[in-house]
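As structure tokens, the structure follows; a few thoughts come after it.
We did not get these values from a lab; they are worked out from the coordinates using the rules stated. Everything quoted here is computed from the prediction, not taken from an experiment. Positions of Cβ are generated from backbone atoms using ideal geometry, with glycine treated the same way; all protein chains shown enter the neighbour counts.
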Amino acid sequence: MNIQNLIEFYFSMMQLLENLCSIASSQLPNSEMKFLQPVHTRFPCATPGSYKTLPNHVLLPDGHIHHYVEPIHVAAEMDRLCRWIAEAYGKLHPVVSAATAHYNFVRIHSFDDGNGRGARLLMNLILMQAALPPIIVANERRRTYLDTLRQADAGDLAPFPDLHRPRR
């Protein structure tokens, strides 16, 4: 399975979720439906299955803006990432490949929604292809995970693979 197949699978699952949500909407109270709303109702400008068309930068707690790749460069960056993954296969340790691919998928932030989930799917696909267990970022490790992403943004990728090493 390559990255394009993974992306198509991810958006097929999103479509399935949206279909399930529309069926469930008649059977669940409104207070519970907010957790099941399809992506296009939570994010009106979202285009499920397509790369972003508008910038999706975020405001950090310290007041700085974290910039992701501009929409005009997303297709080229994703193509570069796909080529890197194919070239790295078998040359780098799978944990290093998975962590690097994960970080770069997040760094590009190519979609309106689901970039973190997509990055974790990609990471786990690479790990499972190497017969390694998937990585789950537990809530109690979320702060460490986010700090490690910030370190990688600053150019220090060294701690990132350690964060992704399977725990025994």
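Non-local amide H neighbours of Asn56 (under 5 Å, H modeled in plane, Pro and chain starts lacking H): which ones?
Under 5 Å from the amide H of Asn56 lie the amide H atoms of Tyr68, each far enough along the sequence or on another chain.
Calculate the all-directions average of the projected area of the stretch 107-168's alpha-carbon convex hull, and give it in nm². Intermediate values should be presented prior to the final figure.
Values: hull surface 19.0 nm².
It is 4.8 nm².
What is the distance, in nm, between label points placed 7 Å from the Cα along the Cα-to-Cβ direction at Trp84 and at Arg150?
Placing both labels 7 Å beyond Cα along the Cβ direction yields 2.2 nm.
How many nm is it between the label spots at Asn139 and His73, if each spot is 7 Å from the Cα in line with the beta carbon?
Computed distance between label sites Asn139 and His73 equals 3.6 nm.
Can you tell me the Rg and Dmax of the stretch 47-164, counting just the alpha carbons, in angstroms?
Over the stretch 47-164's Cα set, Rg and Dmax evaluate to 14.2, 42 Å.
Work out from phi, with θ = phi - 60° and the Karplus expression 6.51 cos²θ - 1.76 cosθ + 1.60, the ³J(HN,Hα) of each residue of the stretch 136-151, listed in order in whole Hz, and give x for Gly and Pro.
10, 8, 5, 3, 6, 9, 4, 4, 4, 4, 5, 4, 5, 4, 5, 4
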